[in-house]
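The values are calculated or read from the model by the stated rules, or taken from the named source; none is laboratory data. Being a predicted model, the structure only gives us computed values, none of them experimental. Cβ atoms come from the backbone with ideal geometry, glycine included; neighbour counts cover every protein chain shown. Please note that ligands, DNA and RNA were not included when accessible areas were found on the heavy atoms of the full protein model with its side chains. Shrake-Rupley method; radii C 1.70, N 1.55, O 1.52, S 1.80 Å.
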Amino acid sequence: MREYLLTLCITAAVTYLLTGPVRKFAIVAGAMPEIRARDVHREPTPRLGGIAMFFGLCAGLLVADHLTNLNEVFAKSNEPRALLSGAALIWLIGVLDDKFEIDALIKLGGQMIAAGVMVMQGLTILWLPVPGVGSVALTQWQGTLLTVALVVITINAVNFVDGLDGLASGMVCIAAGAFFLYAYRIWYSYGIEAAAPATLFSAILMGMCLGFLPHNMHPARIFMGDSGSMLIGLVLAAGAISITGQIDPDALRLFAGSEKAAVHQTVPVYIPLLLPLTIIAVPAADLISAIVRRTWRGQSPFAADRGHLHHRLLEIGHSHSRAVWIMYFWSALIAFGSLAYSVNSASMWIVLGVVILSATGLVLLLLPRFTPRAPMWAQAVVPPRYRRRRRPVVAEPVEAEQRTPVVVGVAGVNGATALGARSRVPERRKAESSR
């Protein structure tokens, strides 16, 4: 655990320290596009934040390669090299898009090529755990197609949700945290070395997001752009592929009694990771709704609009920061709820806790629709929006005779710049008679 935490901290430190210079470089390079109709921010903000995140990824992998225990991940598996190859390709495509706004179909092709590069180096789905059946082996073509589909879905889900300051990096960090705990449990508790790469990927992903988040919180000083959103989406997908399609449930048979029982025991997280609907449930829901909405209108699924979940939260009446925290809440609830259910699916307290937190989340979600007023004794401690508004005092009209005339040129009335009606005929001094 110490080596994982060390890798996380170094990744976060490198990302944080490089984001400032990258921001200056983005301004000089002109990577500050004009504000579009669907954008929420009001001032041009530089992109290319993915450059710092990519170098943070490289630093994390380099440090892990020189640590005593994590070095075995590189010695026994080729997955870290596969991740670095695919990440470099998708990062380069994102940088070009942040600068030159390349076509959506070209980006889609680049995402598929990056996924194919990882498949060629061994990061692919070999079998699927199916409840009631066991592990189902996949052919090479089936594994390749499923891997590419998972990578493309995850990348675009994260890219679609990147619409508010700190939203994508925070949500992915929450998902990576839950995923790290799940992968570390399989690696450490069950002693399955095949889960070590996914654990390493999750730790590095958390470091990338935590290092970039201070620069990206509202009001953001820099955006990650497609170079960052597609990069963290690919790293998240790589971890899901590694732990879902590489670990044989037969290895858990000693702990669960049989292969079917092992699959049934881990299915609360295994199957959702394949789709993926648990770790990135909110981005996936946003992605599906956007595709359905745009297709129904006769538009391209890649056409931009203002119908995403975060846009709707702003339309309801939530502030920018509150909309981000609501999305954080739902991501954490789904991710950590699934994690807790996978650990002990027979506990009713977990289900009850998820239900109570879901009800709380719905109340927070619909809060702008209801604006309750606090009692008078609580006016000083509640936010201003819940205070009782005082009725404005209507001043009685003042009669013309009672109005105080304004003396022109007197200090205190706009200072020396006070203007008023002045006599055009200069006053003449009365000559005193000497008589």
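General remarks:
- Search result, residues across segment 45-85 that are open to solvent by 30 Å² or more (accessible area, probe 1.4 Å) and either outside any loop (DSSP other than H, G, I, E, B) or closer than 23 Å to D97 by Cα (or both): F55, C58, L62, V63, D65, N71, E72, A75, K76, R81, L84, S85
- Residue within segment 265-273 that is closer than 20 Å to S338 by Cα, at pLDDT 75 or above and of a type in the set (V, I, T) present: no
- Selection status of L145, over 20 Å from T15 (Cβ atoms), in a helix (DSSP H, G or I) and free of Cβ contacts under 8 Å to residues at least 12 places away in the same chain: yes
- Any pair with Cβ under 7 angstrom, 6 or more apart, that starts in segment 59-83 at a residue that is touching a residue at least 60 places away in the same chain (Cβ under 8 Å) and ends at one that is open to solvent by 80 Å² or more (accessible area, probe 1.4 Å): K76/E193
- Among the numbered conditions (1) modelled with pLDDT of 90 or more; (2) within 18 Å of L61 (Cβ to Cβ); (3) of a type outside the set (A, V, I, L, M), the only one that C173 does not meet is (2).
- Contact map, segment 93-114: residues that are at pLDDT 90 or above paired with residues that are surrounded by fewer than 17 Cβ atoms within 10 Å (Cβ to Cβ) and not acidic (D, E), Cβ distance under 8 Å, separation 6+ or inter-chain. Pairs shown: I93/I102; I93/I106; L96/I102; L108/F302.
- Screening G110 against (1) within 29 Å of F336 (Cβ to Cβ); (2) part of a helix (DSSP H, G or I); (3) not β-branched (V, I, T) leaves a single unmet condition, (1).
- The condition of being within 21 Å of L70 (Cβ to Cβ) and touching a residue at least 40 places away in the same chain (Cβ under 8 Å) holds for only one of A157, A175, A195, A168, that being A195.
- In segment 203-221, the residues that are at pLDDT below 90 reach residues that are crowded, with 18+ Cβ neighbours inside 10 Å and of a type in the set (D, E, K, R) with C-beta atoms within less than 8 angstrom, at least six apart or across chains, in these pairs: N216/D165; M217/D165; H218/D165; P219/D165; A220/D165; R221/R23.
- Selection count, segment 309-329, where residues are among the charged types (D, E, K, R), exposed (fewer than 14 other Cβ atoms within 10 Å of the Cβ) and modelled with pLDDT of 70 or more: 0
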